[in-house]
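Participant: To start, I am sharing the structure in question, which I have written as C-alpha cells.
The values are calculated or read from the model by the stated rules, or taken from the named source; none is laboratory data. Everything numeric in this text was worked out from a predicted model, so none of it was measured. Neighbour counts run over all protein chains shown; Cβ positions are idealised from the backbone, glycine included. Only protein heavy atoms, including side chains, enter the accessible area calculation; ligands, DNA and RNA are left aside. Shrake-Rupley method; radii C 1.70, N 1.55, O 1.52, S 1.80 Å.
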Amino acid sequence: MNKKEKILALIERLEGLYPDAVCALEYGGDPWRLLVMGRLSAQCTDARVNEVCRTLFKELPDITDFANVELETLEGLIRPCGLYHTKAKSLQEAAVMVLSDFDGKIPDNMEDLVKIPGVGRKIANLLLGDLFGQPAIVADTHCIRLSGRFGLVKKGEKDPYKVELALKKVTPPEKSSDFCHRLVLFGREVCTARSPKCSGCPMQDLCVYKA
C-alpha cells in the first residue's frame with residue numbers, strides 16, 4: 001500500500017469513527033476569536049484554551065477591545081495558557097495590524113496571514129481550512145505524531161513544515177482540513193503520545209509504530 005492509498009484508507013476509517021469533523025476550539029464562528037484561540041493553544045491544551053476564553057471574550061468581546069486593552073490586563077486574562085507575556089504582546093499587535101492593514105477582517109490567503117504577529121503556518125492553515133474552506137494541513141502535535149506512526153513521513157520527522165508538505169502531496173485537498181481535525185480526535189482518544197491504545201486499534205494494519 002502506497003502513501004496515497006494509506007491516506008484514503010485512514011480518511012475513510014476516521015470519517016466512520018468521527019462523522020462530525022469539528023475544530024476543538026470553541027470559537028463560535030468568529031474569525032478573530034479563532035485566531036486568538038489558535039495563538040493561545042501554543043504549548044497549551046485546547047480544553048484549557050476553551051476555558052480561559054470563556055472569560056476572555058466576555059471581557060474583550062471583539063478585535064477593537066484587544067487593540068485597546070492595557071497589555072497587563074490582557075496578560076492577566078490569558079495567564080493560565082502559559083507564555084502569557086509573549087502571547088499577549090503578539091495578540092495586541094495582531095489586532096492592531098488586522099484593523100489597520102486588513103480593515104478588521106482576517107485575510108483569506110497564506111501570504112497575508114503569516115504577516116500577522118503570532119501567526120505561523122499552523123494557525124494560518126487552521127484559519128484557511130475552517131474559515132474559508134480551503135485545502136489546509138494543520139501540522140499540530142497530533143498530526144506530526146500520527147503521521148510518523150502511520151509511516152506518512154520519515155521516522156522521527158518533527159518539522160511541522162516538512163510534515164505539512166509531505167501530507168499535501170498525498171491528501172485529497174477537499175479532505176485535508178477535516179482529516180487533520182479527525183487526527184486530533186483520534187490522537188487524544190486512541191493514539192496518545194504516551195501509552196497509546198494499540199490493542200484493538202482500528203488502524204493497526206496501517207500503523208508502523210511499535211509500542
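Participant: Mind listing whichever residues of the stretch 132-154 are among the hydrophobic types (A, V, I, L, M, F, W, C), over 11 Å from the mean Cα position of the chain (by Cα) and crowded, with 19+ Cβ neighbours inside 10 Å?
Facilitator: The answer is Ile144, Leu146, Phe150, Leu152, Val153.
Participant: Moving to a separate point now. If you check Glu157, Glu189, Glu174, Glu164, which single one turns out to be among the acidic types (Asp, Glu) and open to solvent by less than 20 Å² (accessible area, probe 1.4 Å)?
Facilitator: Being among the acidic types (Asp, Glu) and open to solvent by less than 20 Å² (accessible area, probe 1.4 Å) holds for just one of Glu157, Glu189, Glu174, Glu164, which is Glu164.
Participant: Mind checking which residues of the stretch 79-120 are basic (Lys, Arg) and either surrounded by 18 or more Cβ atoms within 10 Å (Cβ to Cβ) or outside any helix (DSSP H, G or I) (or both)?
Facilitator: Lys87, Lys105, Lys115
Participant: Then there's this: Step by step: first the residues of the stretch 54-74, then only those that are without any contact (Cβ under 8 Å) to a residue 24 or more places away in the chain and farther than 22 Å from Glu26 by Cβ, then the one that is most open to solvent (accessible area, probe 1.4 Å). Which residue is that?
Facilitator: If we take residues in the stretch 54-74 being without any contact (Cβ under 8 Å) to a residue 24 or more places away in the chain and farther than 22 Å from Glu26 by Cβ, then Glu72 is most open to solvent (accessible area, probe 1.4 Å).
Participant: Which pairs turn up if I take residues in the stretch 1-30 that are touching a residue at least 12 places away in the same chain (Cβ under 8 Å) and look for partners that are assigned to a loop (DSSP other than H, G, I, E, B) and among the β-branched types (Val, Ile, Thr) with beta carbon separation below 7 Å, at least 6 apart in sequence or on another chain?
Facilitator: From the stretch 1-30, the pairs are Ile7/Thr171.
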